[in-house]
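These notes concern the structure reproduced below.
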């Protein structure tokens, strides 16, 4: 199975402390109407650390059911326990997920050999296509390029979400092995595609799926001028969606547009007033509000 284009790293909407599944379904529909190639429920943007196992699996099930085969679903089922990652991935497989997003185990900081064994175990035990998720800023440890190259020899490990902030790493990965690379940073989508990435797992597309899809599809079809126009126009949005820890700003922006209630679970909380004002100004200047 090939993965290219735009995959939205979906927020998890809450209301009065509980997951708002009705709003979640409406967001799925909006994303599909916006033309995305796939959805990524319960990743970092979906506040996976504060969802119970039951909520985690139900979010995946609801997204799959509502999407009804109209786009691909890459379920966020990573963990810093290999056994837990396998268990969550098997449940997502039962629900009909097309692939799994497997984040680098966080906090326990495994060695590169440990990472290799962890991802290999998930891939081998589940048979689900694995998208590796390199995000050292959150997990504390990178997946080294040579480790990605080793892992790429496993037929079930099909792609890597590259969120290390380095365009050069895309070139290094593609020089060392044959694996699909997806940008993990909206602001680096076009630069990463220029050296071989084939799409984005996007935060911004929660808010502007049509525009992100047009940017990616323009680049992929060779209309570089249009892709660059869109990159420049929406770069301030990509930038300001990370004024504070993701997904705080994207949820604030979506609430400004009336898409959901602005609600988080501790330890995440609402934006500072100064950052909120800056974000709102940027959204207004870019024509989103």
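All of the numbers you see were taken from the coordinates with simple rules; none came from a lab. Given the structure is predicted, the values throughout are model-derived calculations rather than measurements. Quick reminder, even Gly has a Cβ in these numbers, built from the backbone with ideal geometry, and neighbours come from all protein chains shown.
Using just the helices of the chain, give the 222 nm mean residue ellipticity in deg cm²/dmol: DSSP H runs with n ≥ 4 each add -39,500 (n - 2.57), and the total is spread over all residues, rounded to 500.
-14000 deg cm²/dmol
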Practice task
May I ask for the distance between the Cα centers of segment 146-161 and segment 203-230, given as a whole number of Å?
Solution key: 27 Å
Completion exercise
When 45, 111 are ranked with the fewest other C-beta atoms within 10 Å first, the list becomes 111, 45
Practice task
For each of 213, 269, count neighbouring Cβ atoms within 10 Å of the residue's Cβ, then give the residues from fewest to most.
Solution key: 269, 213
Completion exercise
Checked segment 1-88 against the a/c 1.5 cut and the a/b vs b/c comparison, axes a ≥ b ≥ c from its Cα gyration tensor; verdict oblate
Exercise for the section: Using a Gaussian network model of the chain whose springs link C-alpha atoms within less than 10 Å, name the residue from 32, 157, 201 with the highest mean-square fluctuation. Expected result: 32
Problem - Beta bridges by DSSP in the chain, antiparallel share as percent, to the nearest 5 - result: 5 percent
Practice task
Determine the shape class of segment 1-51: with a ≥ b ≥ c the square roots of the Cα gyration tensor eigenvalues, call it rounded for a/c under 1.5, and otherwise prolate if a/b is greater than b/c, oblate otherwise.
Solution key: oblate
Practice task
Note the full-extension length gain between residue 269 and residue 68 as 0.36 nm times their separation in residues minus their Cα-Cα distance, in nm to one decimal.
Solution key: 69.1 nm
Fill in the blank from the handout: Taking 0.36 nm per residue of separation between residue 33 and residue 124 and subtracting their Cα-Cα distance, the length gained on full extension comes to 29.3 nm
Exercise for the section: Please give, to one decimal in nm, the separation of the simple spin-label points placed at residue 15 and residue 108, each 7 Å out from Cα toward the Cβ. Expected result: 3.8 nm
Problem - Sites residue 84 and residue 285, calculated FRET efficiency, Cβ-Cβ separation with R0 45 Å, nearest 0.05 - result: 0.55
Fill in the blank from the handout: So for segment 96-207, using the alpha carbon gyration tensor with a ≥ b ≥ c as root eigenvalues (a/c under 1.5 gives rounded; past that, a/b versus b/c decides prolate or oblate), I'd call it rounded
Fill in the blank from the handout: Note on the chain: contact order normalised by length, alpha-carbon pairs under 8 Å, 6 or more apart, percent, works out to 17 percent
Practice task
Over all alpha-carbon pairs in the chain, figure out the percentage whose distance exceeds 29 Å.
Solution key: 28 percent
